[in-house]
Structures are given as structure tokens and as C-alpha cells.
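J.: Sharing a structure below in C-alpha cells format, with a few things to ask.
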């Protein structure tokens, strides 16, 4: 399809580049689609001759979504930056490929993304109604904004918990970024997370075989942005974290800890060493991801607003 000098083609593979976050990388999206994919996949590429925009979309029961809708903190297009003409052309093509079209759901688009402003401008041009469904916040630590103030990893509260755990047993912190080691850790990670949330109002997502398959597929991709940390106490896992380091941002994604050690706050020990790992890698930012939990506010220097949009047929 061609519209106003913008050409849209349908790609046959995840030929993604210039991903704004880890959630738009081809490794992440391919693993997500393998585990959760449904309906009709549409990987659309819009080009105006100078720039390209990649829209990884899928249609299910008349609604069109960004691939990764479910479990992904930030969703957006890749390439770009998005222009109004590109967005009009991509949305028109996706609608044309969806026979029972009802609308689009764009979850978790950062407010700072050009896509947010563009959606507001182009919906009417397509005869669609734009509605904000809900918003969330994503706190983060900007290391460069600390300006000589105390580094969050050196806060007395975090150091106190680590000293208590080390005093009572043999404490080790192990970081992994190789697929083989992570894959070996995954069963214990799943088991610990399931036990951590057992009997609560929020059962572990790893009770779902699809979620376990997704993490396994992601690790099997050997993506360079994968990071996993194990807090070991007396030879046993006290806490785990599964996350990402991408383009100078270290993302807090899926933590867990042993309930039997809750009195020692192993989660705080884990957090301290993730902050140190981010600093050691030269990351500019430690991203706590979606959620307004109080512990994130203790450390955050900035807050990103993430909005979810519905774009519906009138």
C-alpha cells in the first residue's frame, strides 16, 4: 500500500532495528509470539524514502494489538521516529488486513514517545475515536542526576540488611548473562516465585505453562541484553532477579525471594546488587518498570507516565 509518499509492506520475519526499548527487540518479540501468539500476525514496515517505521501488530477477534501486549512494560513501534503520515499508512493497512475490524488497543505507550502525540492527531483522519483507557507510572533512578548525592546502592537500609544476612551465613551474589547458566537457574527461579506468592491474592504467573515457556524461549535466544542475578545463602537461592540491560538502561523486571528468609529482607539485598551491577555496566539509568510501589519511590529520581489507548471505529 502507498499513501502520501509512504509505502507500507508486510514483512515475513522480525526484521526489527532501532528498538526504543528491550520490548521491541526481535528476540523479545519472537519469544513472546512463540509463547502467546494468537490471531493474525502483521509485521508492517512503513517507509517514506528516508525513514522506516516497523509496526509489529496482530489482529484477534477484530481488535489489533502491538505484539507483546501482556507482560511488557513499554510498547511502541520500532525504527522511526514516527511521523503522522507513516502512522496513518500503517494503521490503514492493518485495518485493511483485518476483515472484522473493531479498533486498536495500544497498551503501555510511554508518554514521552512521539507515538503518543501522533495518535491524538491521526485518529480523526482515519475516522476513528481515540480514548485513553488508563495510565501507569514507571519510576527510575537517573544516575547522572544524583549530582554527588548518596548512591542508592549505599543507603544504610540496604547495607543493614546485607550485613545481617552475611553475618548469619555464607552470602554470595552471582550475576549471569549467558543463556546456559540462566537456563540452569530457571527451574529454581520458577519454583521460588510460585512459593513466594502461594496463598496470596496474586498467584505466581509461573503457574501458567505459557509464561514458563516464554522465559525459556527468551533465554534460549541468547540475547545480549538478558541479565539474571542469584542471591545465594548457605548454598541455597535466597533471591533471584530476571531482567534486562539495554541501551544504558537496567530494567527491574521479575524479582523473587525465599519466603523462609523474609526476616532478612533478601529482596533488599538483591536490589542493592542490581543497582551496583547497573553502575558497573556504565548504565545511565536504573528503571524500576511499571508500578508505583513505595520502595521504588524511595530511590527514584524521575517518573515516566505510560498510557494505554483505545482507537475505535465510530
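J.: So, residue 162, is that one closer than 20 Å to residue 276 by Cα and surrounded by 18 or more Cβ atoms within 10 Å (Cβ to Cβ) or not?
T.: Values: closer than 20 Å to residue 276 by Cα: yes; surrounded by 18 or more Cβ atoms within 10 Å (Cβ to Cβ): yes.
Taking the combined requirement at face value, the residue satisfies it.
J.: Condition test on residue 270, is it under 23 Å from residue 144 (Cβ atoms) and free of Cβ contacts under 8 Å to residues at least 60 places away in the same chain? Explain how you work it out, then say what you get.
T.: Details: under 23 Å from residue 144 (Cβ atoms): no; free of Cβ contacts under 8 Å to residues at least 60 places away in the same chain: yes.
Criteria not met by residue 270.
J.: Which of (1) touching a strand residue (DSSP E or B) at 6+ places or on another chain (Cβ under 6 Å); (2) crowded, with 21+ Cβ neighbours inside 10 Å; (3) not in a loop (DSSP other than H, G, I, E, B) does residue 16 not meet, given it meets every other one?
T.: (3)
J.: Quick check on this structure: which one of 186, 87, 119, 91 is in the same structural domain as residue 269 (by TED's automatic domain parsing) and either over 25 Å from residue 41 (Cα atoms) or buried (at least 17 other Cβ atoms within 10 Å of the Cβ) (or both)?
T.: 186
J.: Just checking: which of the helices (runs of 4 or more DSSP H) contained wholly in the stretch 204-314 hold 2 or more residues that are surrounded by fewer than 21 Cβ atoms within 10 Å (Cβ to Cβ) and more than 19 Å from the chain's Cα centre (by Cα)?
T.: Result: 266-280, 294-299.
The values are calculated or read from the model by the stated rules, or taken from the named source; none is laboratory data. Quick caveat: nothing in here was measured; it's all calculated off a predicted structure. Every residue, glycine as well, gets a Cβ built from its backbone with ideal geometry; the counts of neighbours run over all protein chains shown.
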